[in-house]
Amino acid sequence: MVIEKVNKTQSPCPQLIAWVPKKTDFTEFVDVNDDGELKGGFSIAIFCLVLQKLPFNIQPVFVPFINETGESRGSYDELVQQIEGKSCEAVAGDITITANRTKYVDFTMPYMSSGIYMLVQAAETWNQTLVTLVKPFTMELWLTIILACVFIGVAVGILESRVNNPEFKVPIIQKLLMIIWFPVSTFFFNEGRIHNRFSKFVLVIWLTTIFIVMQIFTACLSSWLTVNQLQPKVPKQYKVVGYQVGSCVADFAIDREECTSSIERLEPLSSMDDYKTVLDNRKVDAIFDELAYVDIFIAKYGSKYMKVGPLAQEPGLGFAFSHGSPLQANFSRVVIKVTGSPNMTDMMKKYLRVITPFQPQADVGSGTPQSLDVNSFFLLFISMGLATIMALIFSEISIMRISAQINPVVLMNVKPPAQTQMAQLDQ
């Protein structure tokens with residue numbers, strides 16, 4: 001078919017005969033009803049949007065790939081071979097780009113990325129240990145808290161030494177231990193005696209900081225201890241593996257090295273209800289399918305099921321044209337623009353009921369709480385540090401003022417030696 005660049009307002013316009021597959025399920029991509037009429041779908045919407053953005057006008061004619069009884073005429077491989085036989089000029093649908101299919105057609109750039117994933121049931125696990133007690137905070141935050149305690153101890157030690165607190169007149173080794181223990185013993189065991197009022201201010205700041213940190217730690221620890229972590233039930237052997245009828249996943253399962261020695265049977269499945277039934281009844285060990293279909297299934301049936309993978313990467317889903325078709329290059333350029341536009345996200349929400357083709361909901365460990373780091377308490381520690389430094393400065397100023405007031409009084413009360421001798425002689 002020869003396509004000439006014409007004005008979009010011109011009429012009539014060239015026609016493009018595009019065949020579409022019929023599926024019993026996953027009709028979110030292509031929906032052909034029992035009467036053989038195309039109702040729409042995500043792939044068809046993308047195809048039409050690309051046609052609208054082409055620099056020339058084309059009228060698509062969609063022909064369902066069905067027989068006289070309204071059933072599908074064959075697999076996707078058989079569908080793309082219709083282009084080589086000149087029965088159609090393009091295939092619009094959820095066609096996975098594979099090396100084998102490129103023998104018969106040229107694909108556009110993929111309009112949706114893909115990959116082969118394993119679909120299995122999810123299990124709730126509770127595997128907490130003593131290590132869980134420190135997980136609410138990162139190791140950097142724990143180290144920062146320890147250094148903050150040492151800093152407060154050093155500050156209190158300096159403040160009390162400046163006012164000659166007798167409890168700090170001890171050997172250097174004991175003083176180092178006392179620096180760490182003194183703030184704790186003073187508040188909780190009433191062992192230490194504070195002589196400097198600025199030490200009390202520093203200890204109040206320290207106690208307030210620790211109180212806030214402990215409250216946040218308790219809340220985070222509760223989430224770590226009570227969360228039911230979902231983990232996929234990955235089978236040790238793949239004796240029975242399910243796959244979607246007509247897809248290329250069956251070839252992948254046979255070629256996969258760790259599966260070939262254990263797979264006894266491949267179970268063809270034609271609908272999402274079949275997926276759910278065989279997984280719930282444990283008739284299959286796992287289901288291999290492409291990412292888009294796995295995400296649609298999880299979006300419909302929720303967190304009882306999880307995906308594992310990718311087991312293999314694939315180019316994705318694309319549209320097929322005959323070898324040497326002038327439309328293939330133009331389609332590819334526009335597909336790149338469409339996939340990066342807001343229209344793509346809107347259509348995925350509308351047709352697929354997912355936000356992106358990479359649903360994070362079923363990723364392993366996605367329900368695990370996050371550990372808090374130093375940045376979470378940055379302002380708190382900075383405020384405590386500044387308040388402590390200010391206390392040290394004001395303490396020194398206070399001591400200097402007191403010293404300045406005492407020294408003149410002492411000098412006035414001390415008589416010179418000559419005056420003392422004269423007084424004795426007079427007597």
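The values are calculated or read from the model by the stated rules, or taken from the named source; none is laboratory data. Quick caveat, the model's predicted, so the values are computed rather than measured. Note: ideal-geometry Cβ built from the backbone for every residue, glycine included; neighbour counts use all protein chains shown. Protein only, heavy atoms only, side chains kept; ligands, DNA and RNA dropped before computing areas. Shrake-Rupley method; radii C 1.70, N 1.55, O 1.52, S 1.80 Å.
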Next item on the list: Check residue 202 against each of (1) within 27 Å of residue 131 (Cα to Cα); (2) surrounded by 15 or more Cβ atoms within 10 Å (Cβ to Cβ); (3) at pLDDT 70 or above and name the one condition it does not meet.
Entry: (1)
Next item on the list: Six or more apart or on different chains, Cβ under 7 Å: which pairs go from a residue in segment 362-378 that's within 18 Å of residue 231 (Cβ to Cβ) and at pLDDT 50 or above to one that's part of a helix (DSSP H, G or I) and open to solvent by 40 Å² or more (accessible area, probe 1.4 Å)? Could you list them?
Entry: 369/223
Next item on the list: Mind counting the residues in segment 38-94 that are without any contact (Cβ under 8 Å) to a residue 40 or more places away in the chain and β-branched (Val, Ile, Thr)?
Entry: 1
Item checked: Checklist (1) open to solvent by less than 60 Å² (accessible area, probe 1.4 Å); (2) outside any helix (DSSP H, G or I) applied to residue 45, failing item -> (2)
Check: Failed condition for residue 28, given (1) at pLDDT below 85; (2) in a loop (DSSP other than H, G, I, E, B); (3) surrounded by fewer than 22 Cβ atoms within 10 Å (Cβ to Cβ), with all others met?
Finding: (3)
Next item on the list: Would you please list the contacts, defined by Cβ atoms under 8 Å and residues six or more apart or on different chains, that run from a residue in segment 321-336 that is closer than 16 Å to residue 57 by Cα and aromatic (Phe, Trp, Tyr) to a residue that is open to solvent by 30 Å² or more (accessible area, probe 1.4 Å) and assigned to a strand (DSSP E or B)?
Entry: none
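With a cut-off of at least 3 residues that are surrounded by 21 or more Cβ atoms within 10 Å (Cβ to Cβ), name the helices (runs of 4 or more DSSP H) lying wholly within segment 268-343. Give the derivation first.
Values: elements: 272-280, 291-301, 326-339.
Per the criteria, 291-301, 326-339.
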Notebook entry, point to check: When you go through (1) open to solvent by 50 Å² or more (accessible area, probe 1.4 Å); (2) outside the structural domain of residue 324 (by the TED database) one by one for residue 67, which number turns out not to apply?
Noted result: (2)
